[in-house]
Amino acid sequence: MAKLLCSHISLVCLLFCLSDVVTQLTGETALQCPTGRDGRDGQPGRPGLNGRDGIPGAAGRDGKDGAPGRDGAAGLNGNKGDTGLQGAAGIPVTCPPCQLSKRSITHCTWDAYNDGRDYGVIHQCSVIKQRGQTAILVRWTGNLRSISNGAKTCSRWWITFNGVECVDPAKIDVQMYTNTAGHNFHAPSIVEGICYNIEEGSVNVQLNVGDCRPGDEHGDAYTGWNSVSRMIIEEIEL
């Protein structure tokens, strides 16, 4: 029965198709066949071949700067460079007139001088004073003695410059007073001071012995007993 029905339907469909052909040939309307249902999807085809490469795209924008990298390891020392050219000559410098080029010191010594004089010049040391604006520092060291004969006695030692005592700022001297008879004591002593306003040129610096300034009776003086006496003289800036 089912086969018969299908055959009938097929026949009907054939008639409709023939009617459509007649219509196309004669121009007359024939019997129209109904439209059939869509068939099932076919099986997927095989993959096609790869397409050609496309045209290169435009260049992109520059990226942002990256973070600074770490310091690299220290490199090896380079080769020693060539010797440089000699520099230009320097400008000579002249010391101001008020300054000495170097310290000006004179040192005189007398060994075991053993001078028993009570009056006069005992020692003399000569220097050349370079400028008039400077001062002279003098220091005499040695031992001195003044013996009393029973009365109050005194002996004085002082410094002179070309035979004249210092007046600026003051005299440079020492005095030894005693009232003990026969006291024979030789005392280590220093006669020292600075004197201004001494003219430049040759200067004789002298140690003198004589009466004390108050006017006491003069004692039995002695200078430089069995030891070194010395006089150190320096010209100094004011």
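The values are calculated or read from the model by the stated rules, or taken from the named source; none is laboratory data. Bear in mind that the values here come from a model prediction, so they are computed numbers and not experimental data. With ideal geometry, Cβ positions are generated from the backbone for all residues, glycine too; neighbour counts draw on all protein chains shown. To get the accessible areas, we keep the full protein, side chains included, count just its heavy atoms, and leave off ligands, DNA and RNA. Shrake-Rupley method; radii C 1.70, N 1.55, O 1.52, S 1.80 Å.
Structure data summary
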read-out	value
Conditions (1) under 30 Å from His186 (Cα atoms); (2) among the small types (Gly, Ala, Ser); (3) at pLDDT below 65; number of the one not met by Ser10	(1)
Selected residue (only one of Arg145, Arg156 is touching a His at 6+ places or on another chain (Cβ under 6 Å), in a strand (DSSP E or B) and within 12 Å of Gly219 (Cβ to Cβ))	Arg145
Evaluation of Arg61 against (1) open to solvent by 50 Å² or more (accessible area, probe 1.4 Å); (2) modelled with pLDDT of 95 or more; (3) of a type in the set (D, E, K, R) (one fails), failing number	(2)
Hey, Gln175 open to solvent by 50 Å² or more (accessible area, probe 1.4 Å), in a strand (DSSP E or B) and free of Cβ contacts under 8 Å to residues at least 60 places away in the same chain or not	yes
Within segment 190-225, considering residues that are open to solvent by 20 Å² or more (accessible area, probe 1.4 Å), of a type in the set (Gly, Ala, Ser) and in a strand (DSSP E or B), the one farthest from Arg145 (Cα to Cα)	Gly201
Verdict on Thr178 being modelled with pLDDT under 95 and touching a Lys or Arg at 6+ places or on another chain (Cβ under 9 Å)	yes
Options Trp140, Trp110, Trp157: the member that is open to solvent by 40 Å² or more (accessible area, probe 1.4 Å) and either touching a strand residue (DSSP E or B) at 6+ places or on another chain (Cβ under 7 Å) or under 27 Å from Leu238 (Cα atoms) (or both)	Trp110
Residue check, Glu235 among the acidic types (Asp, Glu) and either free of Cβ contacts under 8 Å to residues at least 12 places away in the same chain or part of a strand (DSSP E or B) (or both)	yes
